[in-house]
1. Largest first, what is the accessible-area ranking of A:His178, A:His186 with a 1.4 Å probe?
2. Cα-based Rg of the stretch A:101-204 per 2.2 N^0.38 Å, rounded to two decimals?
3. Against the longest alpha carbon principal axis of chain A, how many degrees, from 0 to 90 and to the nearest 10, is the axis of helix A:27-47 turned?
4. Quick one: what does P(r) look like for the stretch A:317-383 with 10 Å bins over all Cα pairs, in whole %?
5. Could you state the angle between the C-alpha long axis of helix A:263-290 and the longest principal axis of the C-alpha atoms of chain A, as a value from 0 to 90 degrees rounded to the nearest 10?
6. Between A:Glu55 and A:Ser27, with labels modelled 7 Å along Cα→Cβ, what's the label distance in nm to one decimal, could you check?
7. Plugging the Kirkwood radius over Cα pairs into Stokes-Einstein for chain A, at a temperature of 37 °C and a viscosity of 0.692 mPa s, what D comes out in µm²/s?
8. So how much accessible area does A:Tyr270 have, in Å² to the nearest 10, using a 1.4 Å probe?
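The values are calculated or read from the model by the stated rules, or taken from the named source; none is laboratory data. Since this is a predicted model, take the numbers as computed values, not measurements. Cβ placement follows ideal geometry from the backbone for every residue including glycine, while neighbour counts extend to all protein chains displayed. Heavy atoms of the whole protein, side chains included, go into the accessibility calculation; ligands, DNA and RNA do not. Shrake-Rupley method; radii C 1.70, N 1.55, O 1.52, S 1.80 Å.
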Amino acid sequence: MMLHFVQPSKLKTKKMVFEDVYASCDSTTLEHLKELSSKRKAIEDSINECNFVTEAIAKEMSGGLESRFEQDIHKIENYLPFLEILIPYADATSTINQIQISQWNAALKIRWSSALTTSSFFKIKGPKFFQINNLRFELGMTLFLCGGILRERALEVLSTDLVQSATIFRQAAGIYHHLAQEVLPHLEPELPPEKPPEALAAVSSIMSLICLAEAQAVTIRKAEEKGTSSSLLAKLHHGVTLFLEEAIGIFHTVVTQCKDISSRLSEFMYFCKCLHELKGQQYLAESLKACGQIGAAIGVLSSVLNKVKKKIPGEDPWKSIYQKQIQDASEVLRKFVHENDFVWHEKIPSIYELPLPEGTKIVTFIPYSPKRWERQLSFKGLV
Amino acid sequence: MFSRMFGKPKQETNAVATLDKLNETLEMLEKKEKVLLKKVAAEVEKAKEFTRGKNKRAAIQCLKRKRLYEQQIEQLGNFQLRIHDQMILLEGAKATTETVDALRTGAAAMKAMQKATNIDDVDKTMDEINEQTENMKQIQDALSAPIGAAADFDEDELEAELEELEGAELEEQLLQPATTAPAAPVQVPAGRQPTRPVPAKRTPEEDELAALQAEMAL
């Protein structure tokens, strides 16, 4: 039922050595910078797939975490508090300090690839790296990566623990929300014309909504296991479409700012929306039939099937999942039509007379609070 | 030689699928019958209303429609009966097929033993097989009996049974105690009327939603 869109977790980056660039005044600061570089290298090796550590050693290094995704999240969570300490220095007020910090950040060469541009899907010459000399770019891309990996982790535990899966999706939504509201707005004025979509606040808003849609989809799975009524299931599925419609709306504005953004993201949202709309209308139809309105039920199913058949995903696994849902709904429609022809002889209302779907959103994001070590740093050249 | 005598058995998958389809149609017929019964009841009610209103002609029209619906119901009943017959036949055919399979197994075993026996034993075996064949024919004849029985119910006996049912119902009604007159309404002083509104109950759907949210830690 759930389509898979793995790209947000596929960022790559280049090596950075903080202590070679930032001039330390004391050993504490130097040690901090070295540790920062070391923790970042752990992330670099992991996401660039240059890791030569065996699974057993990786598990031991991360304190017993089995999952590769969990290990990556652990590394990022270790890195972020150290990085957060440097962010206030990026907001230097004096001109002299700004010049100095700009020089340092330029020397750092903060470079990240994008997983959401059109070229990243064709992979002609390997990933293209964007260099933006701003620490918030480093923070933003790291958080974006963290959200992406959390999504993968949520999908990983989906089959075993629905509650944990939904919770992780909500955490990811919180991180993307934090990015969109607190981190990226400060970065956007300083972005060059050529920039990755991940650096835009609007894209993080889209990802936050996608995570909420996915969390609600997981909740629906639990509801279906519990035997929840058709009418409520219909509202929950339409709630998912509400999240996705909002995200699609934002995407249309992003395209004007960032022409390189891949249509794959748009297609993912569109097809997910269609699937949940189909499922929601199917539950609505079953609810109507139970109330003795089989004509309206047939109208609802016919209408939504005509709509979702207009466009089909081009390749598996999306295509087979999509066609399976259409096939299931078509079978239900066939049974309803057969029964109406045989027993009820109810008139099928026109498309304008059909009951409108009603959506209910029941999931919210879990707010993300950045952690920061309380440590006083001292740099040469800063007043 | 023996294969040609008995033929190949039907595939079980086809029989199962056919039985499912027959069951499905049976369900449809039962639903349709319920719908028609509701219509009959509605016409009876309308006839009563017209009778109270001294509109005899309209009441008769309602009764005519009632008769038409009842005819449809009777036809549906016959349809259901035929489907039941066919389902029983199919299940019986399966039993027959299994019997034939068993006989074929026995015949194969006898054929194998034939190599180690003389002509007298062969003659004896053929007699036994003929006897089994006769038994099978009798079984098939017995399985065919329900058709005749179902198609030839004794109407007089059915009517007599119906009269018995009606008599029993009438007797039961006569034993019911007479309905007492309703008690006179008691006036409640206006000053003692409860002023607090009854708290609104949550709908079942809202309860479901709350339970789901609690379970998912939302």
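1. Correct descending sequence by accessible area is A:His186, A:His178.
2. Against the compact-globule rule of thumb, the ratio is 1.20.
3. Tilt of helix A:27-47: around 40 degrees.
4. Using 10 Å bins, I get a P(r) of 13, 17, 23, 13, 8, 9, 8, 6, 3 for the stretch A:317-383.
5. Roughly 30 degrees between the two axes.
6. Spacing of the two 7 Å Cα→Cβ label points: 4.3 nm.
7. Details: Rh = 23.0 Å.
For these conditions, the coefficient is 143 µm²/s.
8. Surface open to solvent at A:Tyr270 totals about 60 Å².
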